[in-house]
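Novice: The structure is given below, and queries will be raised subsequently.
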Amino acid sequence: MFNKNIDNEALTVGSVLLPILEKLGIDTIFGIPGVHTVEIYRGLEKTKIKHITPRHEQSAGFMADGYFRACGKPGVCLVITGPGLTNILTAMAQARADSIPMLVISSVNPYKKSDNSSGLLHELPHQQKLLKKIALSSLTITKSKDLLPAITKSFCKMLEERPGPVHIEIPKDILTLKIHSLKKIKSSQKKKQIILNIKELNKVVDYLSKAKYPILLLGGGAKGCDKYILEIVNKINPIVITTTNARGLLGNHPMCIPASPTLLTVRKELKKADIVLAIGTEFGETDYDMYKDGNFPELKKLFRVDISKNQLSKNVQPDIAIRSKSYNFCKKLSEILLTKKEYNKHSLYTSKRAKKIRLNCLKEVEPKLKKPLDLILRISNNFPNAILVGDSTQPIYAGNLYTNTHKKGKWFNSATGYGTLGYAPPASIGAKLAKPNKPVICIVGDGGLQFSLAELMTASDEKISVIFLIWNNFGYKEIKDFMVSKTVNPVGVNIKPPDLKQQAASFNLSYYGLINRYNLVKTLEKAIKEKKPSLLEIRENEY
């Protein structure tokens, strides 16, 4: 076994990599071995790291994504040169869009040929240049002594400021280089300190103290601030609007509106607000203008808090931009408010008013999404501890408009930002690995399922008890509806789904069908109790 100081052994760059990652807290990796990465796998037996083999490298990235969202630990992927790396690019782009830390380690052909086009196996011209367009950073190991600095720099980069995917590539000839000693492994690097501007913070306090219609607008960057946000809400009595990536942040708090700013009901409140305090949100189209009508209101007084300097001025220009970690800002604001014993509460918002807003949001959901929304609400209300992992499919679109998730981290999906299909099956596997004692329900359409259908075998092979709930509308219905609305003859959207019962049998999964609104809860209870991967089919026209 390796000690804090790894020395006095005939180690190679490749064989020492996984033991180093284990010392940095990594306990699970996702990857598909190849002839170029065999040397890395030599070190696996020296660790307790669990290796999960997906059926496609894209799914490795999605698994790492779901793993982080469920437990907060970065996901690590190991892929081969060339096709392995290009296969995972889509998952990295999704992670970049949603600020998900992910470390992708790949091999690469030797850099001895200047033209890099010698017909080598898995050869990809300018591999690193391609990665630098998507990853926050891409580093190449050219000497054995580069390994530790590259790993520590990559960890720091993917976790600091606005997180995201990072990449390390190791030429296959460097993987076999001997390492005779390594310096002490550091579990963390000193991060950049961003000092909160107290003068700007006091301006926020001043406006909040006088506001009649204060609103907190929370994005994914506000995760982890629950305690302090709750103290702020209890002190100043605003309504709180949570975007998709912030759902569950305040649980069932009576002042929380778990609804999209796309909805007219929410927009009316935002227009009326005399102060909007937006924390960790990018004001992206899929949260704020899903229907692309361009009618998001101009806000009277917007205070925007974000860790990223560039993000502070994107999409919507604030009156005051405050660069800070959301946690530090919320903690300090809470402390200031709590020291004011006679805080003059002007807010006219009440829990009764918030309840009415929630009801109006529900009524506003368009008719075609009523049945999909009923599905989501039945699941979230009856299984408050379940993690719901969603794909780009109608029930998830409905849930993103309104989902009363009871706890943070229990609702996430790919139907925002980058908007990939086939995300949910592998991401739900990653989530279940991160939280093995929590029920994990994958919600995916029959079209999206076929992007990553093979990952049902991964769940079966690894005995990962995810419940795959398939919303079967026999094609790409959302796209079909859009084509019709634009008077375009629907083409390529009436795809035929596989026989899901036979698919479940071939993957050795339990099959439950056909599910409707009357037997949904009992069927899910049975599937959860069985503790094995299962497939539930819901046909839209029979729900």
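The values are calculated or read from the model by the stated rules, or taken from the named source; none is laboratory data. Not measured: the values here are computed from a predicted model. Here the Cβ positions follow ideal geometry from the backbone for every residue, glycine too, while neighbour counts run over all protein chains shown.
Novice: Looking at Val240, Val276 in this structure, which one is under 23 Å from the mean Cα position of the chain (by Cα), outside any loop (DSSP other than H, G, I, E, B) and in contact (Cβ under 8 Å) with a residue 12 or more places away in the chain? Can you show your working first?
Specialist: Working: Val276 fails: under 23 Å from the mean Cα position of the chain (by Cα).
Matching residue, one of Val240, Val276: Val240.
Novice: Of all residues being at negative phi and touching a Gly at 6+ places or on another chain (Cβ under 7 Å) in region 89-99, which is surrounded by the most Cβ atoms within 10 Å (Cβ to Cβ)? Just the residue, please. Walk me through how you get there before you give the answer.
Specialist: Taking region 89-99 as the starting set, the residues that turn out to be at negative phi are 89-98.
The next check asks that each one be touching a Gly at 6+ places or on another chain (Cβ under 7 Å); those that pass are 91-92, 95-98.
Values: Ala91: 33, Met92: 27, Ala95: 30, Arg96: 20, Ala97: 18, Asp98: 23.
Across region 89-99, the extreme among qualifying residues is Ala91.
Novice: From the list Ser534, Ser485, Ser510, which one is among the polar types (S, T, N, Q) and surrounded by 19 or more Cβ atoms within 10 Å (Cβ to Cβ)? Steps first, answer last, please.
Specialist: Working: Ser485 fails: surrounded by 19 or more Cβ atoms within 10 Å (Cβ to Cβ); Ser510 fails: surrounded by 19 or more Cβ atoms within 10 Å (Cβ to Cβ).
When all the criteria are applied, what remains is Ser534.
Novice: Scan region 194-215 for residues that are assigned to a loop (DSSP other than H, G, I, E, B) and either in contact with a His (Cβ under 7 Å, 6 or more places away or on another chain) or at pLDDT below 80 (or both) and jot them down.
Specialist: Within region 194-215, the subset assigned to a loop (DSSP other than H, G, I, E, B) is 194-197, 211-213.
If the condition is that a residue be assigned to a loop (DSSP other than H, G, I, E, B) and either in contact with a His (Cβ under 7 Å, 6 or more places away or on another chain) or at pLDDT below 80 (or both), then Ala211, Lys212 are the ones that fit.
Novice: Among (1) assigned to a helix (DSSP H, G or I); (2) under 15 Å from Cys442 (Cα atoms); (3) touching a residue at least 40 places away in the same chain (Cβ under 8 Å), which single condition is Leu333 missing?
Specialist: (2)
Novice: Of all residues in region 24-41, which are crowded, with 18+ Cβ neighbours inside 10 Å and charged (D, E, K, R)? Let's see the steps before the verdict.
Specialist: The first filter runs over region 24-41 and keeps only residues crowded, with 18+ Cβ neighbours inside 10 Å, leaving 26, 28-32, 34, 36-37, 39-40.
Passing the criteria: only Glu39.
Novice: Going by what's in this entry, would Ser452 be described as within 25 Å of the chain's Cα centre (by Cα) and either within 24 Å of Ser414 (Cβ to Cβ) or surrounded by fewer than 23 Cβ atoms within 10 Å (Cβ to Cβ) (or both)? It would help to see each step written out before you state the result.
Specialist: Details: within 25 Å of the chain's Cα centre (by Cα): yes; either within 24 Å of Ser414 (Cβ to Cβ) or surrounded by fewer than 23 Cβ atoms within 10 Å (Cβ to Cβ) (or both): yes.
Judged against the criteria, Ser452 is a match.
Novice: Quick one: in region 395-406, which of the residues that are at pLDDT 95 or above and touching a Phe, Trp or Tyr at 6+ places or on another chain (Cβ under 8 Å) is nearest to Lys480 (Cα to Cα)? Explain how you work it out, then say what you get.
Specialist: Within region 395-406, the subset at pLDDT 95 or above is 395-402.
If we keep only those that are touching a Phe, Trp or Tyr at 6+ places or on another chain (Cβ under 8 Å) as well, we get 395, 399.
Values: Pro395: 16, Gly399: 20 Å.
The qualifying residue nearest to Lys480 (Cα to Cα) is Pro395.
Novice: Let me ask you something else. With the structure loaded, tell me whether Tyr349 is part of a loop (DSSP other than H, G, I, E, B), surrounded by 17 or more Cβ atoms within 10 Å (Cβ to Cβ) and in the same structural domain as Leu218 (by TED's automatic domain parsing) or whether it fails that test. Steps first, answer last, please.
Specialist: On the way: part of a loop (DSSP other than H, G, I, E, B): yes; surrounded by 17 or more Cβ atoms within 10 Å (Cβ to Cβ): yes; in the same structural domain as Leu218 (by TED's automatic domain parsing): yes.
Answer is yes for this residue.
Novice: Next up: Quick one: which strands (runs of 3 or more DSSP E) lie wholly within region 68-175 and hold at least 1 residues that are closer than 25 Å to Thr286 by Cβ? Break it down stepwise before answering.
Specialist: Values: elements: 75-79, 102-108, 138-140, 165-171.
Passing ranges, in order: 75-79, 102-108, 165-171.
Novice: Sticking with this one: Can you work out which of the residues in region 55-67 that are out of contact with any Cys (no Cβ under 9 Å at 6 or more places or on another chain) and surrounded by 23 or more Cβ atoms within 10 Å (Cβ to Cβ) is farthest from Pro436 (Cα to Cα)? Steps first, please.
Specialist: We begin by selecting, within region 55-67, every residue out of contact with any Cys (no Cβ under 9 Å at 6 or more places or on another chain); these are 55-56, 58-59, 62, 65-67.
Of the ones still in play, those that are also surrounded by 23 or more Cβ atoms within 10 Å (Cβ to Cβ) are 58-59, 62, 65-67.
Numbers: Gln58: 22, Ser59: 19, Phe62: 17, Asp65: 16, Gly66: 13, Tyr67: 11 Å.
Result: Gln58.
Novice: Checking Pro395 against (1) surrounded by fewer than 19 Cβ atoms within 10 Å (Cβ to Cβ); (2) not in a loop (DSSP other than H, G, I, E, B), only one condition comes out false. Which one?
Specialist: Just one mismatch for Pro395, condition (1).
Novice: Given Thr81, Thr86, which one is among the polar types (S, T, N, Q), more than 20 Å from Pro163 (Cβ to Cβ) and surrounded by fewer than 24 Cβ atoms within 10 Å (Cβ to Cβ)?
Specialist: Thr86
Novice: Quick check: anything in region 6-22 part of a loop (DSSP other than H, G, I, E, B), over 22 Å from the mean Cα position of the chain (by Cα), more than 30 Å from Phe451 (Cβ to Cβ) and at pLDDT 95 or above?
Specialist: Within region 6-22, none of the residues are part of a loop (DSSP other than H, G, I, E, B), over 22 Å from the mean Cα position of the chain (by Cα), more than 30 Å from Phe451 (Cβ to Cβ) and at pLDDT 95 or above.
Novice: Turning to a different aspect of this structure: When you go through Leu509, Leu514 one by one, which is the residue that is among the aliphatic types (A, V, I, L, M) and under 17 Å from Asn472 (Cα atoms)? Outline the logic, then answer.
Specialist: Values: Leu509 fails: under 17 Å from Asn472 (Cα atoms).
Residue meeting the stated conditions: Leu514.
Novice: Assigned to a helix (DSSP H, G or I), of a type in the set (A, V, I, L, M, F, W, C) and within 20 Å of Gln317 (Cα to Cα): which single residue out of Val266, Val233 fits that description? Break it down stepwise before answering.
Specialist: Working: Val233 fails: within 20 Å of Gln317 (Cα to Cα).
From the options Val266, Val233, the qualifying one is Val266.
Novice: Now a separate question. So, in region 221-254, of the ones that are polar (S, T, N, Q) and within 22 Å of His346 (Cα to Cα), which residue ends up surrounded by the most Cβ atoms within 10 Å (Cβ to Cβ)? Give the derivation first.
Specialist: Taking region 221-254 and keeping what is polar (S, T, N, Q), we get 234, 237, 242-245, 252.
Restricting the remaining residues to those that are within 22 Å of His346 (Cα to Cα) gives 234, 237.
Values: Asn234: 13, Asn237: 18.
Here the answer is Asn237.
Novice: Give region 500-526 a look and list any residue that's in contact (Cβ under 8 Å) with a residue 24 or more places away in the chain, part of a loop (DSSP other than H, G, I, E, B) and closer than 28 Å to Lys370 by Cα, or say none. Reasoning before the result, please.
Specialist: Here is the first cut: in region 500-526, the residues in contact (Cβ under 8 Å) with a residue 24 or more places away in the chain are 500-501, 503-504, 507-517, 520-521, 524.
When the remaining residues are screened for being part of a loop (DSSP other than H, G, I, E, B), the result is 507-509, 513-517.
Listed by number, the residues that qualify are Gly513, Leu514, Ile515, Asn516, Arg517.
Novice: Now, a different point. Looking at the structure I just gave you, is Leu362 without any contact (Cβ under 8 Å) to a residue 60 or more places away in the chain, part of a helix (DSSP H, G or I) and buried (at least 16 other Cβ atoms within 10 Å of the Cβ)?
Specialist: Answer is yes for this residue.
Novice: While we're here: Consider Ile464 carefully, then state whether it is in contact with a Ser or Thr (Cβ under 7 Å, 6 or more places away or on another chain), modelled with pLDDT of 95 or more and closer than 17 Å to Ala70 by Cα.
Specialist: Numbers: in contact with a Ser or Thr (Cβ under 7 Å, 6 or more places away or on another chain): no; modelled with pLDDT of 95 or more: yes; closer than 17 Å to Ala70 by Cα: yes.
Considered against the rule, which asks whether it is in contact with a Ser or Thr (Cβ under 7 Å, 6 or more places away or on another chain), modelled with pLDDT of 95 or more and closer than 17 Å to Ala70 by Cα, Ile464 comes out as no.
Novice: Sort through Ile515, Ile479, Ile443 and tell me the only one that's within 18 Å of Gln394 (Cα to Cα) and either outside the structural domain of Phe412 (by TED's automatic domain parsing) or modelled with pLDDT of 95 or more (or both). Spell out how you get there, then give the answer.
Specialist: On the way: Ile515 fails: either outside the structural domain of Phe412 (by TED's automatic domain parsing) or modelled with pLDDT of 95 or more (or both); Ile479 fails: either outside the structural domain of Phe412 (by TED's automatic domain parsing) or modelled with pLDDT of 95 or more (or both).
Residue meeting the stated conditions: Ile443.
Novice: Oh, and also: Within the group Thr286, Thr281, which residue is under 18 Å from the mean Cα position of the chain (by Cα), among the β-branched types (Val, Ile, Thr) and buried (at least 23 other Cβ atoms within 10 Å of the Cβ)? Full working, then the answer.
Specialist: On the way: Thr286 fails: buried (at least 23 other Cβ atoms within 10 Å of the Cβ).
Answer to the check: Thr281.
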